[in-house]
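Chemist: Let me begin by handing over the structure; questions about it come next.
The values are calculated or read from the model by the stated rules, or taken from the named source; none is laboratory data. In this text, all values refer to a predicted model and were calculated from it rather than measured experimentally. With ideal geometry, Cβ positions are generated from the backbone for all residues, glycine too; neighbour counts draw on all protein chains shown. Ligands, DNA and RNA are stripped out before the accessible areas are found, and what is left, the full protein with its side chains, is counted by its heavy atoms. Shrake-Rupley method; radii C 1.70, N 1.55, O 1.52, S 1.80 Å.
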Amino acid sequence: MPGKVIKVERRAKLGFVERLYVPMILKGLAVTSRHFFHNLRAFVTGKNRSDLLVQYPEERLDYPDAFRGMPVLVALENGQPRCVACGLCEFACPTDCISIVPGELEGARIERYPEAFDIDMSRCMFCGLCEEACPEEAIVLSREVELATYDRGSMLYDKKSLLVPEALLKRRLDFLRSEYDREDAPAAERR
C-alpha cells in the first residue's frame, strides 16, 4: 500500500503564450547570454581567466578529495605494502584486473603478504570497489590519471611500481576515514 498517492494532471490547459513557449525561450536565452558575456568580459580583461581554461601541461587542476584515479598500494615506513593478501580487492574488482599471489612470513606478527600484486590498468575502470573492499586501507585510488602508453604491456603494473608512501596519500586516506567515520588507521605493522 503506497504511503501517498500523487495525481498528475497530464492534460493541463495551457494558455496561448504558454503554448508558444516564449517565456521559457527568453529565460533560456537570458541564462546563455549571461554566461557568454561573463566569459567574454573575463577573456578581454584577463580577470578570472582560470574559470575559462587551463594551460594543461604547465598548469594542473587540483582535483577534489573524492577524485578517483589510478589504484596504488600504500607502503609502510619500512617500504613493505600494507596489504595482507586477503584477496578481497581481487574478488570485488568487476573487470578482474587485479591479481594477487599470497605468501607467508614465518615468525612475523602478520603472517601473509603479497608475493606478487599486479593490476592491468588497461582493464581498470577506476570504480573504487577495490578501495572499499580493503579492510586494511592498503589499496587506495590516487590522483594519477595520465597513463598513456604505446603498448598494452606497459599498462601492467607490478607491486614495485604500485607502492606509494603513505605520506603522499594522506589527503586521500583522510578523506576515506572521514567518509567512514574512522578515527585512525588500522594497525597494520610489519616486522
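Chemist: Quick one: is residue 172 at pLDDT 90 or above, within 18 Å of the chain's Cα centre (by Cα) and open to solvent by 70 Å² or more (accessible area, probe 1.4 Å)? Steps first, please.
Modeler: Working: at pLDDT 90 or above: yes; within 18 Å of the chain's Cα centre (by Cα): yes; open to solvent by 70 Å² or more (accessible area, probe 1.4 Å): no.
No: the conditions fail for residue 172.
Chemist: Looking at (1) surrounded by fewer than 12 Cβ atoms within 10 Å (Cβ to Cβ); (2) aliphatic (A, V, I, L, M); (3) assigned to a helix (DSSP H, G or I), which is the one condition that is false for residue 148?
Modeler: Residue 148 satisfies all of (1) surrounded by fewer than 12 Cβ atoms within 10 Å (Cβ to Cβ); (2) aliphatic (A, V, I, L, M); (3) assigned to a helix (DSSP H, G or I) except (3).
Chemist: With the structure loaded, tell me whether residue 79 is of a type in the set (Gly, Ala, Ser) and within 29 Å of residue 61 (Cα to Cα) or whether it fails that test. Write out each step before concluding.
Modeler: Details: of a type in the set (Gly, Ala, Ser): yes; within 29 Å of residue 61 (Cα to Cα): no.
Here the answer is no, as residue 79 does not meet what is asked.
Chemist: Of all residues in region 88-131 being surrounded by 15 or more Cβ atoms within 10 Å (Cβ to Cβ) and of a type in the set (Val, Ile, Thr), which is farthest from residue 150 (Cα to Cα)?
Modeler: The selected residue is 110.
Chemist: Within 16 Å of the chain's Cα centre (by Cα) and part of a helix (DSSP H, G or I) - does that describe any residue in region 111-129?
Modeler: Yes, there is a match, as at least one residue in region 111-129 is within 16 Å of the chain's Cα centre (by Cα) and part of a helix (DSSP H, G or I).
Chemist: Sticking with this one: Residue 167 fails exactly one of the following numbered conditions: (1) open to solvent by 80 Å² or more (accessible area, probe 1.4 Å); (2) part of a loop (DSSP other than H, G, I, E, B); (3) small (Gly, Ala, Ser). What is the number of that condition?
Modeler: Of everything listed in (1) open to solvent by 80 Å² or more (accessible area, probe 1.4 Å); (2) part of a loop (DSSP other than H, G, I, E, B); (3) small (Gly, Ala, Ser), residue 167 misses just condition (2).
Chemist: Among the candidates 12, 30, 85, 66, which residue alone is among the small types (Gly, Ala, Ser), within 28 Å of residue 135 (Cα to Cα) and surrounded by fewer than 14 Cβ atoms within 10 Å (Cβ to Cβ)?
Modeler: Values: 12 fails: within 28 Å of residue 135 (Cα to Cα); 30 fails: within 28 Å of residue 135 (Cα to Cα); 85 fails: surrounded by fewer than 14 Cβ atoms within 10 Å (Cβ to Cβ).
Result: 66 is the single residue among 12, 30, 85, 66 that is among the small types (Gly, Ala, Ser), within 28 Å of residue 135 (Cα to Cα) and surrounded by fewer than 14 Cβ atoms within 10 Å (Cβ to Cβ).
Chemist: Between 41, 60, 19, 34, which is among the basic types (Lys, Arg) and assigned to a loop (DSSP other than H, G, I, E, B)?
Modeler: On the way: 41 fails: assigned to a loop (DSSP other than H, G, I, E, B); 19 fails: assigned to a loop (DSSP other than H, G, I, E, B); 34 fails: assigned to a loop (DSSP other than H, G, I, E, B).
Exactly one residue qualifies, and that residue is 60.
Chemist: So for region 47-61 (the condition being under 27 Å from the mean Cα position of the chain (by Cα), open to solvent by 80 Å² or more (accessible area, probe 1.4 Å), closer than 30 Å to residue 136 by Cα and not aromatic (Phe, Trp, Tyr)), does at least one residue qualify?
Modeler: Yes: region 47-61 contains one or more residues that are under 27 Å from the mean Cα position of the chain (by Cα), open to solvent by 80 Å² or more (accessible area, probe 1.4 Å), closer than 30 Å to residue 136 by Cα and not aromatic (Phe, Trp, Tyr).
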